[in-house]
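Worksheet: the structure to be examined is printed underneath.
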């Protein structure tokens with residue numbers, strides 16, 4: 001079929017930005033010069049999506065179906081989605097179409113009542129699928145998969161993640177934007193087999209979205225608590241649920257060796273301080289909150305330092321220069337540069353508080369030397385290799401590090417310092433790709449090379465980072481052999497009003513001290529056969545000090561009920577302790593079950609089991 005193009009197309013002439021439409025009224029439009037569109041044979045059945053409906057209450061899909069054949073047919077349109085971590089919901093409509101007929105149809109995918117967790121985050125990613133099928137022959141005319149990005153309609157915000165015993169009130173804010181339900185039930189539970197510690201019922205109002213709640217927690221024992229908000233109907237049936245964790249714990253002051261100590265590298269890339277595994281846990285300069293105190297054991301900025309922290313001084317290379325939109329590092333003349341480095345390094349070469357000398361942050365920017373008129377581009381690898389040799393000639397007793405955020409440079413840059421610092425993945429959603437990033441880092445730098453991983457606490461924006469993100473990313477990073485972590489709180493920083501985010505660092509830093517010693521303990525013999533389901537629970541099994549540990553992390557942004565299985569019945573203990581949560585689990589038969597909220601880790605310790613545990 002050949003068709004001359006007329007119609008209501010619009011044009012724009014650049015650079016004058018002159019606009020017009022193809023109405024055939026101006027002398028510039030010459031029908032004889034118009035192009036031609038050539039169409040092939042039309043599809044037997046085609047459709048157009050007219051509307052996706054009101055997705056707050058349903059996922060109604062309006063389609064226009066067309067039968068281009070000369071035969072009557074029946075078309076089945078199936079619209080399925082997986083909204084808000086629910087079981088798959090699908091609906092279908094069968095439509096008879098006469099030859100050359102078109103009809104508009106509506107496929108309503110109602111959301112069934114579910115009690116699964118509403119995913120963590122500002123938006124909900126909803127997988128969806130549309131298929132158009134011949135009802136009689138099952139011939140598939142078209143099938144499309146995609147995702148819908150929905151604003152989270154139910155949110156639950158706690159004012160802290162870790163509460164210390166001196167905090168007597170827990171402040172909660174529930175936000176509900178759905179048009180369903182008649183009430184919200186707030187429920188706080190301790191262990192999985194325990195009844196509610198506290199409850200509160202709130203009547204829903206069509207004019208209200210925000211519901212503040214508080215609980216007196218002064219008399220609650222230390223431990224982990226799950227705070228849940230359930231949207232319920234008039235029959236008290238749960239329509240939607242959302243769950244968040246809070247941990248009440250005593251946080252003891254952190255103490256470092258008063259005079260620092262000797263920092264060295266173990267054969268597997270773990271840093272040792274005075275011969276013991278040591279995890280550098282530090283942050284960049286930026287704003288701070290009084291909730292994040294006594295957290296970071298390496299001095300990079302001045303935020304929340306522990307007593308007697310180690311230091312990571314820079315060797316004195318300049319920051320960046322921007323010329324004609326290009327970012328470069330403009331070095332002094334070589335003699336002047338090397339002398340400056342010598343003075344800086346020599347002044348502290350006998351200082352035991354140094355973790356390592358930082359040769360350059362963001363070392364991937366081009367190195368240059370000379371005036372604007374006689375600018376010389378240097379070879380970064382050769383220049384940094386020369387600089388490292390110079391630093392080592394002045395101070396052979398301290399380690400060096402270099403940083404890049406370019407994965408294509410890792411294989412080369414890893415040899416330019418004793419430690420490679422890496423930034424991967426400053427995405428809005430940090431956790432889904434975290435394991436892949438960490439595996440890529442190790443593959444590129446090889447075994448035995450220590451790497452310090454930079455986590456974007458405020459990048460790309462602090463609104464995308466929750467306490468759950470930070471704690472989950474920390475566990476995953478250390479489970480994949482990182483030597484340490486830098487939390488980047490620069491750029492726009494983290495506003496002090498993000499109290500739950502700020503509160504995570506003190507408690508997390510104390511956990512890391514114990515977690516790191518478990519993860520880095522040398523392993524002997526075959527690993528015990530322990531499996532965790534579903535596959536989205538990432539885990540490690542470790543033995544240390546005659547105890548067996550399972551470290552497991554939920555990489556999904558919603559509640560997961562997991563099962564832990566032990567192939568060898570001799571591994572089944574009388575009880576399993578969760579040392580960071582002040583609770584215990586009694587295994588049944590060959591395993592046990594436990595709930596993981598969004599991005600939550602658990603550390604399990606085997607107790608009283610045939611040579612395992614205490």
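The values are calculated or read from the model by the stated rules, or taken from the named source; none is laboratory data. Small disclaimer: the values here were computed from a predicted structure and weren't measured. In this analysis, Cβ positions are derived from the backbone assuming ideal geometry, glycine residues included, and neighbour counts consider all displayed protein chains.
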Subject >> Selected residue [assigned to a loop (DSSP other than H, G, I, E, B), within 29 Å of the chain's Cα centre (by Cα), buried (at least 18 other Cβ atoms within 10 Å of the Cβ) and touching a residue at least 12 places away in the same chain (Cβ under 8 Å)] from 548, 556 >> reply: 556
Original post:
Just one of 426, 361 is modelled with pLDDT under 95 and either assigned by TED's automatic domain parsing to the domain that holds residue 326 or under 22 Å from residue 457 (Cβ atoms) (or both); which is it?
Top reply: 426
Original post:
Among 385, 389, which is the only one that is modelled with pLDDT of 95 or more and over 36 Å from the mean Cα position of the chain (by Cα)?
Top reply: 389
Original post:
Listed residues 154, 158, 130; which is over 21 Å from the mean Cα position of the chain (by Cα) and touching a residue at least 40 places away in the same chain (Cβ under 8 Å)?
Top reply: 130
Original post:
Taking residue 214 and the conditions (1) buried (at least 18 other Cβ atoms within 10 Å of the Cβ); (2) part of a strand (DSSP E or B), which numbered condition does it fall short on, given that it satisfies the others?
Top reply: (1)
**OP:** Might you let me know whether region 521-533 holds any residue that is touching a strand residue (DSSP E or B) at 6+ places or on another chain (Cβ under 7 Å) and under 23 Å from residue 249 (Cα atoms)?
**Re:** no
Original post:
So residue 322 clears everything in (1) modelled with pLDDT of 95 or more; (2) surrounded by fewer than 15 Cβ atoms within 10 Å (Cβ to Cβ) except one condition, right? Which one?
Top reply: (1)
**OP:** Please indicate, with yes or no, whether at least one residue in region 307-314 is under 30 Å from residue 373 (Cα atoms) and modelled with pLDDT of 95 or more.
**Re:** yes
Original post:
Taking interchain pairs and intrachain pairs at least six residues apart, which have beta carbon atoms under 6 angstrom, with the first residue in region 343-366 and farther than 18 Å from residue 450 by Cα and the second assigned to a helix (DSSP H, G or I)?
Top reply: 345/391; 345/394; 346/394; 364/409
Original post:
If you go through region 292-306 one residue at a time, do you hit one that is exposed (fewer than 15 other Cβ atoms within 10 Å of the Cβ) and in the same structural domain as residue 367 (by TED's automatic domain parsing)?
Top reply: yes
Original post:
For region 240-291, what are the residues that are touching a strand residue (DSSP E or B) at 6+ places or on another chain (Cβ under 8 Å), under 30 Å from residue 215 (Cα atoms) and assigned to a loop (DSSP other than H, G, I, E, B)?
Top reply: 249, 251, 253, 254
Subject >> residue 565 touching a strand residue (DSSP E or B) at 6+ places or on another chain (Cβ under 6 Å) and more than 19 Å from residue 223 (Cα to Cα) >> reply: yes
